[in-house]
Each structure stands twice: as C-alpha cells, then as structure tokens.
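Enquirer: Take this structure first; my questions come after.
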Amino acid sequence: MESSNYIEQKKNMHLYFQVGDSKYAINTDNVLEIMKLPALDYPQKLPNNIVGLLKYNNFVINVIDIRFYLDIEVLPYTTENELLIVKTDESIFGIITDKVIGILSFNAALVDSIPFVDGKMIIDSLYKLNKETMFIINTYAIEKLLKEHGDWVEANIASLFPQDSASKEIFAQRALAMSEKTTLSLVSEFSKSKYISFNLNNDSYCIELSYIKEVLKDTIITDIPGTPDFIEGIINLRGDYITVLNLKKFLSIPSEEIQEHKPVIIVRCNELELAFLIDQINQLFEAQIDKILDSGDGYFQSEFIYRDIPYTILNVEKIFADKKIIVTDM
C-alpha cells in the first residue's frame with residue numbers, strides 16, 4: 001500500500017507557475033529544467049505560435065508562449081521571465097513563464113477534467129486549491145500542435161524583448177552559456193534522476209525529487225519555545241502542522257545573514273514530513289548517476305558536477321533517522 005501511495009504521489013507531483021494573472025501547472029515528469037529566459041533566435045518567419053528557437057544541449061528546440069495558444073495578450077518580456085524546458089515522449093521544447101512559484105503534490109480528488117473533443121486543447125483539467133484555480137497544461141497537446149506547425153507567419157518577436165543594452169547583454173550571456181553546456185544527454189533516459197537544487201550560503205545542494213512533497217518560496221514560520229536551535233518552528237500547511245528544520249544550523253553551517261524570505265522544501269521520508277528551511281530555491285534538473293561521486297556516509301550522500309557547478313546531495317534517510325529530530329503529530 002505504501003508503494004502504491006508513493007507511485008500515486010509521484011504521478012501527481014506538479015510544478016506550478018504564473019503567466020499574467022493566472023496560474024498553470026505541469027507534471028514534473030515532463031520538466032527537464034528551469035532557467036532564466038535567454039536570448040532566442042527568431043527567424044523572420046516562424047510557424048504559428050512559436051516564439052523562437054534555442055540551442056539546448058546539442059538540440060535546437062522550439063520555445064512557445066502559451067498566451068498565443070490561449071488568445072491572451074502577450075506582454076513584453078523582461079530579464080525576470082523564466083523558461084521551462086519540457087519533454088514529452090518524442091520532443092523537447094521551452095515554455096516561457098512570468099515566474100515559477102513552486103512544486104506541489106496534487107490531490108487527485110481536487111482535479112477536475114475539462115470535457116472536450118479537440119485533443120489540441122493545451123489545458124485539459126483544473127486543480128482547485130483553497131480559493132485558487134490552477135490550469136493544468138497538456139504537454140502532449142502542445143507537442144501535437146508543434147508537429148503540425150500551422151501557418152507560417154511574419155513574426156516581430158524581437159519587439160517583445162527589451163531593447164536597452166543592459167538587458168540585451170544579460171539575455172545574450174544566458175544564451176551563450178546555454179550553447180556551451182553539453183553535459184546532459186537527452187537521448188537516453190538510462191540512469192537519470194531528478195533533483196531540486198538550492199543554496200545554503202553560497203554552496204549548492206540538492207535533494208532527489210522522489211522525496212519532495214512541495215516547494216514553497218516563502219512561508220510564515222511560528223516559533224516553538226524550548227525546542228533545539230535547529231528547529232526553526234512549525235508551519236501550517238493547509239491544516240497540517242509541519243516541523244521546520246533549519247538546515248544550516250542542523251548541518252553546522254555558519255549563517256551569513258538574516259533571511260527576509262523563508263523558502264522551504266517539504267520533504268517526506270518513511271511516512272514522516274519535515275520542512276527544510278533553506279536560503280534559496282534554484283532549479284529542477286536531471287543528472288546522470290554515472291557522473292556522481294561517492295562522498296561517504298553521513299548527512300551528505302554524494303557529490304557531482306552539473307554544468308560546471310558542484311552539488312552535494314543530501315542523505316535524506318540519514319537526516320530523518322537522526323534521533324535529535326522529533327516529529328510530533330499536532
């Protein structure tokens with residue numbers, strides 16, 4: 001039964017993001033990576049609704065903006081826009097977002113399917129969370145539309161990007177960095193695992209996605225007197241109280257500054273849940289096991305280098321097994 005619950009949770013794990021005034025979600029199985037929007041190549045003529053082209057790990061992929069498909073006004077981009085790299089069974093493409101909000105395990109009972117006949121609709125269901133509605137993206141419908149191309153149209157995509165020299169330089173640097181990164185093989189799915197990466201001070205860490213229940217960029221934490229200093233407090237997550245573990249204090253990493261925002265990663269292991277307080281949430285990505293170097297026992301499972309950045313994988317099992325941590329149902 002426990003295995004069945006895990007499989008169901010993994011199937012319902014979604015990354016959700018904002019475009020305009022609405023929130024959208026996409027299954028994490030279809031997400032390869034999150035990055036800041038780089039400069040795109042945009043030939044004078046492009047198939048309908050394709051914003052541009054991007055060189056990504058030896059591939060040239062299409063980049064779309066879902067607002068074109070939904071007949072929503074497309075506002076100019078800024079250096080703060082984020083890009084999702086998405087995969088299906090047969091293709092890889094990018095989706096431009098205003099910002100990525102977090103990751104959430106959807107309760108299947110709160111998902112409402114939209115009855116439709118046309119398999120090309122890119123929204124196939126809704127998720128209702130409290131008073132908020134998220135539109136769930138059908139990546140395979142987008143794949144079908146991209147294969148058909150549609151009409152070739154004259155596109156003035158360049159006008160959507162900032163024209164000031166500082167912004168142009170930022171976009172160009174991001175595109176150059178992308179073109180030089182070829183560490184991830186997208187041809188084979190052998191020995192790949194997905195990770196959520198984050199910072200503690202200036203160092204990069206990650207947790208395997210299978211342990212993640214939710215990612216929140218900012219939370220309200222209630223202090224609990226009399227607890228160890230590495231227990232930051234508790235959060236109320238839709239009626240469930242979850243203990244917040246200050247990772248830097250728990251791992252004896254010096255704190256460099258006081259945090260204004262309180263990003264946390266909700267981690268589940270052996271039917272227990274903890275919220276890990278971190279400095280900054282970075283990205284979701286895949287890494288190949290053959291590039292991982294064993295670093296021994298303890299709280300740090302192993303290390304690897306991904307796109308020239310060293311990462312340390314946390315040993316979630318060891319952290320949850322530590323007797324210093326007391327998880328109380330409240």
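The values are calculated or read from the model by the stated rules, or taken from the named source; none is laboratory data. Treat the numbers as computed from the prediction; the structure is a model and nothing was measured. When we count neighbours, we look across all protein chains shown, and the Cβ atoms used for this are built from the backbone with ideal geometry, even at glycine.
Enquirer: Based on what the data block shows, is Val100 of a type outside the set (Gly, Ala, Ser) and touching a Ser or Thr at 6+ places or on another chain (Cβ under 6 Å)?
Expert: Answer is no for this residue.
Enquirer: While we're on this one: How many of the residues making up region 241-264 are free of Cβ contacts under 8 Å to residues at least 12 places away in the same chain and not hydroxyl-bearing (Ser, Thr, Tyr)?
Expert: Total satisfying the criteria: 3.
Enquirer: Now, a different point. Would you check if Phe59 is at pLDDT below 90, farther than 27 Å from Glu286 by Cβ and out of contact with any Phe, Trp or Tyr (no Cβ under 9 Å at 6 or more places or on another chain)?
Expert: Working: at pLDDT below 90: yes; farther than 27 Å from Glu286 by Cβ: no; out of contact with any Phe, Trp or Tyr (no Cβ under 9 Å at 6 or more places or on another chain): yes.
The answer is no for Phe59.
Enquirer: Here's a check for you: in region 1-30, which residue that is over 20 Å from Lys87 (Cβ atoms) and among the acidic types (Asp, Glu) is modelled with the lowest pLDDT?
Expert: Only one residue fits best here, namely Glu2.
Enquirer: Need pairs with beta-carbon distance below 7 Å; first residue under 10 Å from Lys217 (Cβ atoms) and within region 97-112, second surrounded by fewer than 18 Cβ atoms within 10 Å (Cβ to Cβ) and of a type in the set (S, T, N, Q); sequence gap 6+ or separate chains.
Expert: Hits for this filter: Lys99/Gln18; Ile101/Gln18.
Enquirer: A further question follows. Working carefully through the options Asp65, Asp98, Asp41, Asp71, find the one that is within 21 Å of Met134 (Cβ to Cβ) and surrounded by fewer than 16 Cβ atoms within 10 Å (Cβ to Cβ).
Expert: On the way: Asp65 fails: surrounded by fewer than 16 Cβ atoms within 10 Å (Cβ to Cβ); Asp98 fails: surrounded by fewer than 16 Cβ atoms within 10 Å (Cβ to Cβ); Asp41 fails: within 21 Å of Met134 (Cβ to Cβ).
After applying the criteria, what remains is Asp71.
Enquirer: Residues of region 244-280 being part of a strand (DSSP E or B) and either over 19 Å from Leu200 (Cα atoms) or in contact with a Cys (Cβ under 8 Å, 6 or more places away or on another chain) (or both), which ones?
Expert: Once the filter is applied, which keeps residues that are part of a strand (DSSP E or B) and either over 19 Å from Leu200 (Cα atoms) or in contact with a Cys (Cβ under 8 Å, 6 or more places away or on another chain) (or both), region 244-280 yields Arg268, Cys269, Leu272, Glu273.
Enquirer: While we're looking at this one, here's another question. Hey, can you tell me all the residues within region 76-90 that are over 22 Å from Ile281 (Cα atoms) and exposed (fewer than 12 other Cβ atoms within 10 Å of the Cβ)?
Expert: Correct list: Pro76, Asp89, Glu90.
Enquirer: How many residues, within region 177-195, are at pLDDT 50 or above and surrounded by 13 or more Cβ atoms within 10 Å (Cβ to Cβ)? Even if it seems obvious, please write down each step before you answer.
Expert: At the first step, the residues of region 177-195 found to be at pLDDT 50 or above are 177-181, 192-195.
Those left that are additionally surrounded by 13 or more Cβ atoms within 10 Å (Cβ to Cβ): 177-179, 181, 192-195.
Number satisfying all stated conditions: 8.
Enquirer: Among the residues of region 208-239, which ones are free of Cβ contacts under 8 Å to residues at least 12 places away in the same chain and not hydrophobic (A, V, I, L, M, F, W, C)?
Expert: Of all residues in region 208-239, those free of Cβ contacts under 8 Å to residues at least 12 places away in the same chain come to 223-227, 239.
Result: Asp223, Pro225, Gly226, Thr227, Gly239.
Enquirer: Another question about this same structure. Quickly run through region 85-122 and pick out the residues that are part of a strand (DSSP E or B), under 26 Å from Phe161 (Cα atoms) and not charged (D, E, K, R).
Expert: Answer for region 85-122, where residues must be part of a strand (DSSP E or B), under 26 Å from Phe161 (Cα atoms) and not charged (D, E, K, R): Ile85, Val86, Ile92, Phe93, Gly94, Ile95, Ile96, Thr97, Val100, Ile101, Gly102.
Enquirer: Still on this structure: Based on this model, can you work out whether Gly233 counts as part of a loop (DSSP other than H, G, I, E, B) and either at pLDDT 80 or above or among the polar types (S, T, N, Q) (or both)?
Expert: Values: part of a loop (DSSP other than H, G, I, E, B): no; either at pLDDT 80 or above or among the polar types (S, T, N, Q) (or both): yes.
For Gly233, the condition - part of a loop (DSSP other than H, G, I, E, B) and either at pLDDT 80 or above or among the polar types (S, T, N, Q) (or both) - is not met.
Enquirer: Please specify each residue of region 123-147 satisfying the condition of being assigned to a strand (DSSP E or B), surrounded by fewer than 20 Cβ atoms within 10 Å (Cβ to Cβ) and among the hydroxyl-bearing types (Ser, Thr, Tyr).
Expert: Ser125, Thr133
Enquirer: Select from region 50-65 the residues that are outside any strand (DSSP E or B) and in contact with a strand residue (DSSP E or B) (Cβ under 6 Å, 6 or more places away or on another chain) and list them in ascending order.
Expert: Matches in region 50-65: Asp65 only.
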